[in-house]
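S.K.: Attaching a single structure in C-alpha cells format; questions to follow.
FYI, it's all coordinate maths here, none of it is from the lab. Keep in mind the model is a prediction, meaning the values are calculated, not measured. Glycine also receives a Cβ, built like all others from the backbone with ideal geometry; neighbour counts cover every protein chain displayed.
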Amino acid sequence: MPELPEVETVRRGLAPVMEGARILSVEQRRPDLRFPFPADFAGRLTGRRVDGLSRRAKYLLAHLDDGLTLISHLGMSGSWRIETDGPDGDSPGRFHHARSKNAAHDHVVFHLAPKTGTNARIVFNDPRRFGFMAFAEEGELAAHPLIGKLGAEPTGNRLDGALLATLFHNRRAPLKAALLDQRLIAGLGNIYVCEALWRAGLAPDRAAGSIVNKHGGATAACDRLAAAVRAVIADAIEAGGSSLRDYVHADGALGYFQHRFAVYDREGEPCVQPDCDSVVLRTVQSGRSTFYCPACQR
C-alpha cells in the first residue's frame, strides 16, 4: 500500500494542475471502488473550483470553493495520472510496486480548466479497486469518521521523544505494531517503520512501553526513534519530490528511495551499517513482513 511519502509526492505532483482549477465535468465509470461513491458524486463536483490540495495521513484532500472536501485514498494499487495534450500521462509519485496505466482500470476522470495553461484530465486508476473517495461536508472534516480519530502526523516537530513516551507508556504491544497504529501516529506504514526502527537501533518486537522510563518520561530511545521517524519520512518525501519537479515521465517504474533501503525487502543481504557483520532477517508480525538487523537493533 502506498505510504505517507508517496501520497505526499502525489499531492505535490497534482497541486500545480488542480489547485485553482475549475472542474468542468467528472466521468464516474463505475458505481463503486472499495466503497460506493457518494450520492450525486459527479454532480456535486461539476462546476466547483479546487481551492487547495492537502494531505492527512494517507488521505488526499481536495478542498472545494463551496466548503465541500473530496477525500481520496489510493488503497493497494491506486494512482493518479495527469493527461494534457499527449497520449501518455504523468503519474505523480514514485512507488516501490509498479502502478498501472491500463485504461481498463481508469475509474474516474476529472476534466479540469486550470488557472493557466490548457485543459487537463486527472485520472484515477485502480486495478484492485481498494481505493475509495468520500465527501466531508463544510465544517465536518475534522470530525469525519475517516479523519477524526487519526493520531499525530509523523512530520514536523510535534513528533518528539516526549510525545512517543506519552503514546507508548505502559503499552505491551510490539514497537512496530504501536508505530503502525493510526490512532497513535497517522500515516506510517510497513516500509518506513522498518527503516525507522533500523535507524533508531530498536528491535521491532520489543514492547513499546520498554522505551519509556518508569515515570512515563522520554528516554534516549524515545528521542532516537522520533528523530528516525521524522528523518526517514523527510528523506522519502524529498526523494519522491525530486522526481516530480519537472514532471519527469513517471511510468510506475521503481522509484528512488528504495535504492536507499537499509533493511526493507533486503532479507539475507548484509547490513549496511559500517562494522556490522550481520545480515538482514525477515519475520512476520501481524501478517506483515518485518525486516531488521538482529545485531544493530536491540
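S.K.: Which residues' amide hydrogens lie under 5 Å from the amide hydrogen of VAL279, considering only partners 5 or more residues apart or on another chain, with H built in the peptide plane?
M.R.: Distant-sequence amide H within range of VAL279: CYS271.
S.K.: Just the Cα atoms of the range 4-136, one point each, no solvent: what log10 I(q)/I(0) does Debye give at q = 0.09, 0.11, 0.14 Å⁻¹?
M.R.: Here log10 of I(q) over I(0) equals -0.22, -0.33, -0.55.
S.K.: Also, I was wondering about something else. Taking the dipole about the Cα centre of the range 161-292, with the C-beta of Lys and Arg at +1 and of Asp and Glu at -1, give me whichever of ALA196, SER286, GLY217 is farthest to the positive side.
M.R.: GLY217
S.K.: Starting from the 7 Å offset along Cα-to-Cβ, what nm value, one decimal, do you get for the label separation of ASP265 and ARG183?
M.R.: Those two pseudo-labels are separated by 3.2 nm.
S.K.: Anything over 25 Å Cα to Cα? Flag those among LYS101/LYS176; LYS101/LYS149; LYS58/LYS176, in the order listed.
M.R.: Exceeds cut-off: LYS101/LYS176; LYS101/LYS149.
S.K.: Which three extents, in whole angstrom, do the alpha-carbon atoms of the chain cover along their principal axes, largest first?
M.R.: Dimensions of the chain along the principal axes of its Cα atoms: 57, 39, 31 Å.
S.K.: Quote to one decimal, in nm, the extra length available between THR46 and ARG172 on full extension: 0.36 nm per residue of separation minus the C-alpha distance between them. Write down the numbers at each step before the final one.
M.R.: Numbers: separation 126, 0.36 × 126 = 45.36 nm, distance 4.93 nm.
Full extension from THR46 to ARG172 adds 40.4 nm.
S.K.: Mind listing the phi-derived Karplus ³J(HN,Hα) values for the range 55-70, rounded to whole Hz, using 6.51, -1.76 and 1.60 with θ = phi - 60°, and x for any glycine or proline?
M.R.: 9, 10, 6, 9, 9, 9, 10, 9, 9, 9, 6, 9, x, 6, 10, 8
S.K.: Sticking with this one: Find the cysteines in the chain that fail to meet the 4.7 Å Cβ criterion with every other cysteine, and list them.
M.R.: Cys with no partner Cβ under 4.7 Å: CYS194, CYS222.
S.K.: Now for a different question. So what's the net charge close to ASP106: Lys and Arg +1, Asp and Glu -1, counting the other residues with Cβ under 11 Å from its Cβ?
M.R.: Local charge sum for ASP106: +2.
S.K.: Residue-wise, which Karplus ³J(HN,Hα) couplings in Hz belong to the range 149-155, taking 6.51 cos²θ - 1.76 cosθ + 1.60, θ = phi - 60°, and x for glycine or proline?
M.R.: Result, ordered by residue: 9, 6, x, 5, 6, x, 10 Hz.
S.K.: Which residue, ALA236, PRO127, GLY187, has the largest displacement toward the positive end of the dipole of the chain when charges sit on each Cβ (Lys, Arg +1; Asp, Glu -1)?
M.R.: GLY187
S.K.: Based only on Cα atoms, what mean projected area does the convex hull of the range 161-292 have, in nm²?
M.R.: 9.1 nm²
S.K.: Per q in 0.16, 0.18, 0.20 Å⁻¹, report the Debye log10 I(q)/I(0) for the range 118-221, using one uniform scatterer on each alpha carbon and no solvent.
M.R.: -0.82, -0.94, -1.06
S.K.: How large is the dipole of the chain about the Cα centre if only Lys and Arg carry +1 and Asp and Glu carry -1, each at its Cβ, rounded to the nearest 20 debye?
M.R.: With only Lys, Arg, Asp and Glu charged at Cβ, the dipole is about 700 debye.
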